[in-house]
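See below for the structure under consideration.
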Amino acid sequence: MTHRINAFGQPIGQEVPNWHPRSVPDRKPMRGQYCDLIELNPVQHADDLFTAFQTGKQDGLWTYMSVGPFSTKNHMQAWLVSISAQSDPVYYAILDRDTGRAIGVASYMRIKPDAGSVEVGGIAFSPLLQCTRGATEAMFLMMRHVFDDLGYRRYEWKCDALNEASRRAAERLGFSYDGLFEQALVYKGRNRDTAWYSILDRDWPRISRALCLWLDPQNFDEAGRQRERLTDMIQIT
């Protein structure tokens with residue numbers, strides 16, 4: 001990491017020319033090829049989300065979330081009401097492009113406009129969204145809004161250090177490992193050591209190119225199988 005030396009012989013950070021606080025991520029829709037992200041509406045989306053999360057294999061879906069599982073739609077809707085009423089985090093429903101149904105949620109959180117830093121979190125993908133092109137595209141759309149539209153400098157991902165699936169997802173999407181915060185939280189009556197990941201604005205053009213290439217329909221064969229892995233594309237772009 002480069003630095004400057006001030007008049008007192010002390011190292012100080014590099015100047016950030018013409019810096020000004022960034023805007024808070026808004027709730028405008030983000031449209032993609034495979035999914036759309038729109039403002040989470042507890043009334044409009046509760047039925048779809050409850051049904052989606054009851055579909056398919058449920059093993060461990062909520063293990064590393066601070067909430068869930070939800071035994072009834074009313075319980076899920078109460079959670080949706082609580083999170084949609086806040087200004088931070090800013091929650092979105094993830095809609096399947098073909099059906100228009102909500103099949104997951106994600107949010108911007110710990111929003112710091114003065115520093116140009118924001119975290120993606122509260123990610124809950126139903127079995128209908130997991131391991132699909134739409135899942136990857138949802139994350140891309142959120143990244144693109146932060147970096148390209150708002151000019152943020154840092155995009156963060158944090159998870160329970162024991163959550164191997166989340167850690168693999170972060171690394172696949174191009175996040176770099178920043179370190180471990182031990183005993184960072186207590187949730188569901190247990191300790192959480194938190195693994196920190198980030199993407200910086202200087203790395204975003206390379207990661208963005210790779211994501212666009214991976215999401216291109218030409219990257220998938222007639223059976224829907226990927227021709228090139230995203231991890232490989234990020235490494236070579």
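Against the numbered list (1) within 21 Å of F70 (Cβ to Cβ); (2) in contact with a Leu (Cβ under 8 Å, 6 or more places away or on another chain), M139 comes up short only at (1).
Only a single item in (1) surrounded by fewer than 19 Cβ atoms within 10 Å (Cβ to Cβ); (2) of a type in the set (A, V, I, L, M, F, W, C); (3) part of a loop (DSSP other than H, G, I, E, B); (4) in contact (Cβ under 8 Å) with a residue 12 or more places away in the chain is not met by L129, and it is number (1). Counting only strands (runs of 3 or more DSSP E) that fall entirely inside the stretch 149-220 and contain at least 1 residues that are charged (D, E, K, R) and surrounded by 15 or more Cβ atoms within 10 Å (Cβ to Cβ), the qualifying elements are 154-160, 190-200. Looking across the stretch 27-47 at every residue that is assigned to a helix (DSSP H, G or I) and of a type outside the set (D, E), the one that is surrounded by the fewest Cβ atoms within 10 Å (Cβ to Cβ) is identified as V43. Selection of first residues in the stretch 180-198 that are closer than 19 Å to R168 by Cβ and of second residues that are assigned to a strand (DSSP E or B) and modelled with pLDDT under 95, restricted to Cβ pairs under 6 Å at least 6 apart or on distinct chains, gives an empty result.
Within the stretch 9-22, is there a residue that is surrounded by 15 or more Cβ atoms within 10 Å (Cβ to Cβ), among the hydrophobic types (A, V, I, L, M, F, W, C) and touching a Lys or Arg at 6+ places or on another chain (Cβ under 6 Å)? No, the stretch 9-22 contains no residue that is surrounded by 15 or more Cβ atoms within 10 Å (Cβ to Cβ), among the hydrophobic types (A, V, I, L, M, F, W, C) and touching a Lys or Arg at 6+ places or on another chain (Cβ under 6 Å).
For L230, indicate whether it is in contact with a helix residue (DSSP H, G or I) (Cβ under 7 Å, 6 or more places away or on another chain) and either over 23 Å from V120 (Cα atoms) or surrounded by 11 or more Cβ atoms within 10 Å (Cβ to Cβ) (or both). When the stated conditions are applied, L230 passes them. Criterion applied to Q226, Q218, Q183 was being on the phi > 0 side of the Ramachandran plot and modelled with pLDDT of 95 or more, and the one residue passing it is Q183.
For F50, are the conditions met, namely being of a type in the set (F, W, Y), surrounded by 15 or more Cβ atoms within 10 Å (Cβ to Cβ) and over 29 Å from D193 (Cβ atoms)? Talk me through it step by step, then tell me what you get.
Values: of a type in the set (F, W, Y): yes; surrounded by 15 or more Cβ atoms within 10 Å (Cβ to Cβ): yes; over 29 Å from D193 (Cβ atoms): yes.
In short, yes.
Restricting attention to the stretch 89-115, the residues being part of a loop (DSSP other than H, G, I, E, B) and either crowded, with 20+ Cβ neighbours inside 10 Å or in contact with a strand residue (DSSP E or B) (Cβ under 6 Å, 6 or more places away or on another chain) (or both) number 2.
Pairing residues of the stretch 51-72 that are in a helix (DSSP H, G or I) with residues that are surrounded by 15 or more Cβ atoms within 10 Å (Cβ to Cβ) and modelled with pLDDT of 95 or more, at Cβ distances under 6 Å and at least 6 apart in sequence or on separate chains, gives A52/I103; A52/S126; A52/L128; F53/S126. Residues of the stretch 139-163 being of a type in the set (A, V, I, L, M, F, W, C) and within 22 Å of T63 (Cα to Cα), which ones? Matches in the stretch 139-163: M139, W157, C159, A161, L162.
The values are calculated or read from the model by the stated rules, or taken from the named source; none is laboratory data. In this text the structure is predicted, and so the values were computed from the model without any measurement. Glycine gets a Cβ as well: all are built from the backbone with ideal geometry, and neighbour counts include every protein chain shown.
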